[in-house]
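Notes to accompany the following structure.
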Amino acid sequence: MRKNKTTRSGEGDRREEQHPEYFRTPAASQYTGLSESTLAKLRMRHNRSKGPNFLKISGCVIYRRTDLNAWMDQHVVEEVGNA
């Protein structure tokens with residue numbers, strides 16, 4: 001059985017539980033705030049360049065957290081300063 005490291009506050013290190021490295025579509029939906037339907041539409045062949053990268057292993061769609069973060073970072077809207 002694996003022991004969690006204890007932090008100063010006395011809580012165990014739960015980074016793995018809070019931020020898994022890989023997500024199935026329902027978890028990716030919660031992580032991004034997008035619906036499962038939107039993610040499915042972004043996986044369609046004609047929309048793939050618009051959506052996050054994903055893996056397909058034995059028919060299962062899997063998203064890497066790093067790919068979701070990179071995709072969301074590409075969609076940051078910065079405020080334009082008043083001149």
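Where a number appears in this text, it was derived from the coordinates with a stated rule and is not lab data. Remember, predicted model here, so these are calculated numbers, not experimental data. FYI the Cβ positions are ideal-geometry reconstructions off the backbone, even for glycines, and counts take in every protein chain you see.
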Karplus-derived 3J(HN,Hα) from phi for the range 71-79 (6.51 cos²θ - 1.76 cosθ + 1.60, θ = phi - 60°), whole Hz, x at Gly and Pro, runs 5, 5, 5, 6, 10, 6, 9, 9, 5
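Can you put GLU78, GLU21, GLU36 in order of Cβ neighbours within 10 angstrom, beginning with the fewest?
GLU78, GLU21, GLU36
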If I take R0 = 25 Å and measure r between the Cβ atoms of LEU55 and VAL80 in this structure, what FRET efficiency does the formula 1/(1 + (r/R0)^6) give, to the nearest 0.05? 0.10
Amide proton proximity set for TYR22, modelled H, under 5 Å, gap of 5+: ARG65
In what sequence do ILE62, ILE57 fall when counting other Cβ within 10 Å, fewest first? ILE57, ILE62
First select every other residue whose beta carbon is under 11 angstrom from the beta carbon of ILE62; then total the charges, Lys and Arg +1, Asp and Glu -1. +2
Karplus-derived 3J(HN,Hα), 6.51/-1.76/1.60, for each residue of the range 37-48, Hz, glycine and proline x: 5, 5, 4, 4, 5, 6, 7, 4, 3, 6, 10, 4
